[in-house]
Amino acid sequence: MSDTKNVLHVENVTMQFGGVVAVNNLNIDVPENQIVALIGPNGAGKTTAFNCITGVYQPTNGVVEFMGEPIVSAHPTGKMKAQYKGENAELYLKNRLINPTPDEITQRGIARTFQNIRLWKSMTVFENVLLAKHMRAKQNVFSATFRGNAKEEKRMRDETMALLEEQGLDKYKDDLATSLPYGLQRRLEIARALATDPKLLLLDEPAAGMNPQETQELAAFIKQIRDKYNLTVFLIEHHMDLVMRISDYIYVIDFGSKIAEGVPKDVQANQRVIDAYLGVAEDE
């Protein structure tokens with residue numbers, strides 16, 4: 001990787017469920033302002049890795065650092081000490097356990113979308129984004145009780161509307177979020193993530209269910225928001241055209257373990273990747 005400062009550093013992360021190792025000793029660096037992809041076959045452990053980073057799961061072992069500070073730290077405890085099948089079981093025993101909740105991770109500056117769209121179904125497009133804006137609200141119990149937060153509320157509503165206009169969603173602001181076409185729901189989910197003012201945006205299969213035209217538009221959209229919002233993007237994706245078109249660097253995992261990494265042209269030519277994920281090349 002380049003000498004650019006890493007926004008995200010994943011160090012020896014292992015996630016074990018009972019006797020099954022879903023992610024095994026994963027090491028990943030995501031440099032500032034780059035678009036980095038994590039690819040692999042279905043069931044390879046990609047979403048599990050995202051869940052370990054974003055507080056959905058506490059990993060069984062390993063450390064996650066964000067902006068140079070540890071935000072997740074774990075080692076085998078309890079019954080898992082005897083059941084642990086991963087590597088580096090002794091490496092972090094002296095470390096303090098750090099197990100943040102997803103909202104604490106969001107407050108730190110990491111936002112994500114999900115493989116299965118998770119919009120608030122009973123809310124409008126506007127309300128979905130406004131509620132995310134409240135993650136950064138500068139108010140307290142006193143100001144809320146005595147209506148001292150009216151200016152703050154107006155600011156958030158104005159910023160929500162500006163964000164919807166920017167993403168071409170303003171004409172749908174009063175529609176139920178789930179009434180939008182699939183591609184626009186994906187865009188809304190990303191807009192909602194942007195509303196939390198993240199430094200790092202994690203996208204879990206953002207092109208899932210999209211047609212080729214929508215996928216092409218999404219590729220341009222991801223680059224656009226990276227540049228406009230000075231973001232770093234870490235994504236999981238199965239659409240190889242999109243991955244190869246927009247990624248600065250790619251990690252490949254299979255059965256929970258990293259099997260390759262590199263720039264797109266190197267990953268495309270890697271035989272282990274071809275065999276495991278892209279398809280075995282036919283003899284000519």
Fill in: Test: residue in the stretch 235-253 that is in contact with an Asp or Glu (Cβ under 6 Å, 6 or more places away or on another chain) and assigned to a helix (DSSP H, G or I)
yes
Worksheet item: From the set of residues in the stretch 150-183 that are at pLDDT below 90 and not in a helix (DSSP H, G or I), which is least open to solvent (accessible area, probe 1.4 Å)?
Response: Gln167
Worksheet entry | Residue that is farther than 13 Å from Ile35 by Cα, open to solvent by 20 Å² or more (accessible area, probe 1.4 Å) and part of a helix (DSSP H, G or I), where the choices are Arg186, Arg192 | Arg192
Worksheet entry | Which numbered condition Leu203 fails, given (1) in contact with an Asp or Glu (Cβ under 9 Å, 6 or more places away or on another chain); (2) assigned to a helix (DSSP H, G or I) | (2)
Worksheet entry | Candidates Gly86, Gly109 - the one that is within 21 Å of Arg226 (Cα to Cα), open to solvent by less than 30 Å² (accessible area, probe 1.4 Å) and either of a type in the set (Gly, Ala, Ser) or at pLDDT below 95 (or both) | Gly109
Item to complete: Return the pairs, sorted by first residue and then second, in which the second residue is hydrophobic (A, V, I, L, M, F, W, C) and at pLDDT below 95, the first residue lies in the stretch 69-81 and is under 16 Å from Ala49 (Cβ atoms) and surrounded by 13 or more Cβ atoms within 10 Å (Cβ to Cβ), the beta carbons are less than 9 Å apart, and the residues are 6+ apart or on different chains.
Response: none
Discussion item. Quick test of your reading of the structure: Asn230 fulfils all but one of (1) touching a strand residue (DSSP E or B) at 6+ places or on another chain (Cβ under 6 Å); (2) closer than 30 Å to Arg157 by Cβ. Name the failing condition by number.
Written reply: (1)
Discussion item. Quick test of your reading of the structure: Val64 fulfils all but one of (1) crowded, with 20+ Cβ neighbours inside 10 Å; (2) in a loop (DSSP other than H, G, I, E, B); (3) in contact with a His (Cβ under 8 Å, 6 or more places away or on another chain). Name the failing condition by number.
Written reply: (2)
Worksheet item: Hey, any hits in the stretch 15-24 for a residue that's assigned to a loop (DSSP other than H, G, I, E, B), farther than 24 Å from Leu235 by Cβ, open to solvent by 60 Å² or more (accessible area, probe 1.4 Å) and of a type in the set (A, V, I, L, M)?
Response: no
Worksheet item: Which of (1) aromatic (Phe, Trp, Tyr); (2) at pLDDT 90 or above; (3) under 23 Å from Leu203 (Cβ atoms) is the odd one out, the single condition Phe114 does not satisfy?
Response: (2)
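Residues checked against (1) at pLDDT 90 or above; (2) under 30 Å from Asn128 (Cβ atoms); (3) open to solvent by 40 Å² or more (accessible area, probe 1.4 Å):
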| position | (1), (2), (3) |
| --- | --- |
| Asp197 | yes, yes, yes |
| Asp204 | yes, yes, no |
| Leu242 | yes, yes, no |
| Tyr249 | yes, no, no |
| Lys258 | yes, no, yes |
| Ala269 | yes, no, yes |
Discussion item. Filter the stretch 33-56 down to the residues that are touching a Ser or Thr at 6+ places or on another chain (Cβ under 7 Å) and assigned to a loop (DSSP other than H, G, I, E, B) and list them by number.
Written reply: Asn33, Gln34, Gly55
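The values are calculated or read from the model by the stated rules, or taken from the named source; none is laboratory data. Keep in mind the model is a prediction, meaning the values are calculated, not measured. Here the Cβ is made from the backbone with ideal geometry for all residues, glycine too, and neighbour counts use every protein chain on show. Note: accessible area is taken over every heavy atom of the protein model, side chains too, but ligands, DNA and RNA are not part of it. Shrake-Rupley method; radii C 1.70, N 1.55, O 1.52, S 1.80 Å.
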